[in-house]
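K.L.:
Here it is, the structure, as structure tokens.
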Amino acid sequence: MIPSKTVTKADLQNAIPDRKNAITDELVDLINQIQTEPEFQGETMVQTMITYQNALKGARVSMRAYVNAIRFCAYLVSMDDNYTEAYKRTFYDTDFVKVRANVSTSDPRYAELTSAASRYRRSKLVVDILTL
């Protein structure tokens, strides 16, 4: 089992050998950041990635997309199925979300945000993770 402390590139490559060439330093940094979030304190992010790696079979997605899908699903569960809030937390660093994150629910930009979150919730990778 990989400790919930700092994860190394080698740890990730050993944990997910099928995608070892897709493990980047940026991904390692992202995972180490995520490990401080309450949704991943009972089970480390790496353990979660291992648990749901069957969702990667046949999928043509980047490891970052996979990590984002896992985060989204964890937030979705912890936020009582509020996919818009889960989407905002997962993609907080994108310009699309930054512009729409704090607008009123009556603002058309909020409708754009909820629409994007709904589409993401129905994406194959997210559905696969939620059903594993």
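The values are calculated or read from the model by the stated rules, or taken from the named source; none is laboratory data. Note that the structure is predicted; figures quoted are calculated from it, not measured. Here the Cβ positions follow ideal geometry from the backbone for every residue, glycine too, while neighbour counts run over all protein chains shown. Just so you know, the surface numbers come from the protein's heavy atoms only, side chains and all, with ligands and any DNA or RNA stripped out. Shrake-Rupley method; radii C 1.70, N 1.55, O 1.52, S 1.80 Å.
K.L.:
Given the conditions (1) at pLDDT below 95; (2) surrounded by 13 or more Cβ atoms within 10 Å (Cβ to Cβ), report the number of the one that Thr36 does not fulfil.
P.N.:
(2) is the only condition that Thr36 fails.
K.L.:
Do we find that Lys88 is open to solvent by 80 Å² or more (accessible area, probe 1.4 Å) and within 29 Å of Leu56 (Cα to Cα) in this structure?
P.N.:
Against the criterion (open to solvent by 80 Å² or more (accessible area, probe 1.4 Å) and within 29 Å of Leu56 (Cα to Cα)), Lys88 does not qualify.
K.L.:
Going by the structure shown, is Asn102 farther than 17 Å from Tyr120 by Cβ and either part of a helix (DSSP H, G or I) or among the polar types (S, T, N, Q) (or both)?
P.N.:
Yes; evaluated as a whole, the condition is true for this residue.
K.L.:
Okay, moving on. In the range 92-110, what count of residues is obtained for those that are of a type outside the set (Asp, Glu) and either in contact (Cβ under 8 Å) with a residue 40 or more places away in the chain or touching a Lys or Arg at 6+ places or on another chain (Cβ under 9 Å) (or both)?
P.N.:
Matching residues across the range 92-110 total 8.
K.L.:
Let me ask another. Could you tell me which numbered condition Val99 fails, if it satisfies all but one of (1) hydrophobic (A, V, I, L, M, F, W, C); (2) closer than 22 Å to Ile34 by Cβ; (3) open to solvent by 50 Å² or more (accessible area, probe 1.4 Å)?
P.N.:
Condition not satisfied by Val99: (2).
K.L.:
Of Val67, Val61, Val28, which residue is surrounded by 13 or more Cβ atoms within 10 Å (Cβ to Cβ) and not in a helix (DSSP H, G or I)?
P.N.:
None of the other options fit; the residue is Val61.
K.L.:
Right, something else. Can you tell me which residue is farthest from Asp81 (Cα to Cα) among those in the range 116-126 that are part of a helix (DSSP H, G or I) and open to solvent by less than 50 Å² (accessible area, probe 1.4 Å)?
P.N.:
Leu125
K.L.:
Consider Val77 carefully, then state whether it is open to solvent by 80 Å² or more (accessible area, probe 1.4 Å), closer than 23 Å to Gln33 by Cβ, touching a Leu at 6+ places or on another chain (Cβ under 9 Å) and assigned to a helix (DSSP H, G or I).
P.N.:
Against the criterion (open to solvent by 80 Å² or more (accessible area, probe 1.4 Å), closer than 23 Å to Gln33 by Cβ, touching a Leu at 6+ places or on another chain (Cβ under 9 Å) and assigned to a helix (DSSP H, G or I)), Val77 qualifies.
K.L.:
Quick one: in the range 39-58, which of the residues that are in contact (Cβ under 8 Å) with a residue 40 or more places away in the chain and not in a helix (DSSP H, G or I) is surrounded by the fewest Cβ atoms within 10 Å (Cβ to Cβ)?
P.N.:
Tyr52
K.L.:
Still on this structure, I have one more. Among the aromatic types (Phe, Trp, Tyr) and closer than 26 Å to Ala15 by Cβ, is that true of Tyr120?
P.N.:
yes
K.L.:
If you scan the range 83-96, which residues turn out to be of a type in the set (Phe, Trp, Tyr) and either farther than 23 Å from Thr36 by Cα or assigned to a helix (DSSP H, G or I) (or both)?
P.N.:
The answer is Tyr83, Tyr87, Phe96.
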